[in-house]
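Encoded as structure tokens, the structure appears first; notes follow it.
The numbers here are math on the coordinates, done by the rules we state, and not lab data. The structure presented is a predicted model; accordingly, all values stated were derived computationally and were not measured. Neighbour counts are summed over all protein chains in view; Cβ atoms, including those assigned to glycine, are modelled from backbone coordinates with ideal geometry.
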Amino acid sequence: MKKNLRFVSLALLSLCSLALAGCGETTPDTPDEPDEPVAKTINLVYSGTGTNKYFNESLFDDFKTEMKANGDINTYNITYVEHGPDKVDSEVTDWKTGPDVYEFASDKVSGLYSKGALAELKGDYKSFVTTANNSFGVSAATFNEKLIAYPYTGDNTYYLQYDKSVLTEDDVSSIEKLLAKANTLGKKVGYNLPEGFWGAAAMFTFGADYSMTFDDQGQVSKVDADFDSEKGIKAAKAIYSIVTDKAWVKDMEAPSESNNLIACMAGTWDISNYKTALKDNYGCAVMPNVTVDGETKHLGAFLGGKLFGVNPQVSSDDNDRLTAAHKLAMFLSGEKCQLKRFYAYETAPCNKTATASEAVTSNANVKVLSEQGSFAHAQTSVPGNFWTAPATLINGMIDGTVTLDNLSDACKTLNDNIKASK
């Protein structure tokens, strides 16, 4: 009998349990605990100049410190390899084993893109570059309508460097005034127009330009140009007026009594030489104005810069590594690092906040760079004949084969040669 009662009791208990379940009275299951994040060791390879190695490695330490402060539990090992920004495109022969993050010069972009060595920036990476940097920086980082790099300097150019003991700010405001003053003093003005970097850029003065169309692989499919237009002919007239002036020379030495120079359109890489030569009489200014047929413009100049590329090939199967490479490139191209480069090397930043800082705006050379950035031409990809065609035109002016009478035809020849190149 007891056995039967026990059976009934168990059955009733089971029915009660089912009833309670139907009424929602049971205790809910305990949710699973989230997995603890797992710390990883991420290995990156960085390519940069040998001369800046120890400086860059100090920035790596700053990067690791900032990552840790932001709650990143990963460990970052960064190996340094030496390739100059102007040589990385040729010295790295296999990008599948190449650096994760590397420095490169702005005119190397098309070759690097065609090799698949530049990851496209999207989302937060893209927003970071486009909102933090000036128009030159964004332009230099853009190729084939894609944002593909992190800009960090914009100072590879030339501008007027002169002797303040004999020239005033008004004297250097226009090339006409500058040459006239030099002639009055029996002095010379250096401007290396026969070289493509100077002469080709002078052809931009009144708005003539080229454009290049690329296919999906980054190969040039078409080149357009309008240097045979009124804008191009005006620029050629300006160049002609300079190279036929008695005060003009192509020499680019720092002004001194021995070379008779009082001013030069000199490269930023020569600033220290000019300051050493001129001491307290050192002056600098943007490219002077020139007036042709009633229109006044600044003489054209190229402006190149340095950027960080992220190589997607080396980390194609490791998303953590690719993400870390982008984070490193973002950090190194940010405001703090751009200012540190300025303090260490007087390199001009392209980060807008860094550029507006008192330290930068109070530096005469960087102030000139900032002003010139508003009209200088970004030095990115150029057509194959772009360096030689203007040099041929300008050397013709110097030897007398190109004159004002046949200048239009000479500009058409230049333009045809540029359009025919890839």
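The table that follows gives values for the structure above.
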{"quantity": "Within the chain, longest stretch clear of exposed chymotrypsin sites (Phe, Trp or Tyr not before Pro) (DSSP loop, no more than 16 other Cβ within 10 Å)", "calculated": "1-374"}
{"quantity": "Three-way shape label, the range 273-422, alpha-carbon gyration tensor, a/c 1.5", "calculated": "oblate"}
{"quantity": "For Phe143, distant residues with modelled amide H under 5 Å away", "calculated": "Ile148"}
{"quantity": "Counted charge near Thr244, where neighbours are those whose Cβ lies closer than 15 Å (Asp, Glu -1; Lys, Arg +1)", "calculated": "0"}
{"quantity": "Crossing angle, helix 319-332 versus the chain [Cα axis fit, 0-90 degrees, rounded to tens]", "calculated": "40 degrees"}
{"quantity": "Neighbour-limited loop hits for GluC sites (Glu not before Pro), the range 93-177 (at most 13 other Cβ within 10 Å; DSSP other than H, G, I, E, B)", "calculated": "Glu145, Glu169"}
{"quantity": "Built amide H within the under 5 Å cut-off of Phe214, gap 5+", "calculated": "Ser221"}
{"quantity": "Range of Cα positions in the range 180-254 per principal axis (Å), largest first", "calculated": "56, 29, 13"}
{"quantity": "Exposure proxy order (Cβ contacts within 10 Å, fewest to most) of Ile175, Ile42", "calculated": "Ile42, Ile175"}
{"quantity": "Kirkwood hydrodynamic radius (C-alpha pairs) into Stokes-Einstein, the range 89-172, 10 °C and 1.306 mPa s, D in µm²/s", "calculated": "104 µm²/s"}
{"quantity": "Phi to ³J(HN,Hα) by Karplus 6.51 cos²θ - 1.76 cosθ + 1.60 over the range 238-246, Hz, x for Gly, Pro", "calculated": "4, 4, 4, 5, 7, 6, 9, 7, 5"}
{"quantity": "GNM result for the chain, Cα springs below 10 Å: residue of Glu358, Glu91, Glu230 fluctuating most strongly", "calculated": "Glu358"}
{"quantity": "Residue (of Pro390, Gln379, Leu322) at the positive-pole extreme of the range 264-422, dipole from beta-carbon charges", "calculated": "Leu322"}
{"quantity": "The range 217-228 - phi-based ³J(HN,Hα) in whole Hz, Karplus 6.51/-1.76/1.60, Gly and Pro as x", "calculated": "8, x, 7, 5, 10, 7, 10, 10, 7, 9, 6, 9"}
{"quantity": "Amide H within-cut-off set for Ile78, under 5 Å, with H built and near neighbours excluded", "calculated": "Leu44"}
{"quantity": "³J(HN,Hα) computed for each position of the range 160-167 - Karplus, 6.51 cos²θ - 1.76 cosθ + 1.60, integer Hz, glycine/proline x", "calculated": "6, 10, 8, 8, 5, 6, 10, 10"}
{"quantity": "Choice from Ala119, Ala324, Ala344 with maximal GNM fluctuation in the chain (Cα, 10 Å cutoff)", "calculated": "Ala344"}
{"quantity": "Length gained when the stretch Thr291-Thr93 is fully extended (0.36 nm per residue, less Cα-Cα span)", "calculated": "66.5 nm"}
{"quantity": "Highest-MSF residue in the chain out of Ser229, Ser110, Ser47 [GNM, Cα springs under 10 Å]", "calculated": "Ser229"}
{"quantity": "Cβ-placed point charges (K, R +1; D, E -1), dipole of the chain about Cα centre in debye, nearest 20", "calculated": "520 debye"}
{"quantity": "Residues Cys337, Cys264 arranged by fewest to most Cβ contacts within 10 Å", "calculated": "Cys337, Cys264"}
{"quantity": "P(r) of the chain over all Cα-Cα pairs, binned every 10 Å from zero, in whole percent", "calculated": "4, 19, 25, 20, 13, 6, 3, 3, 3, 2, 2, 1, 0, 0"}
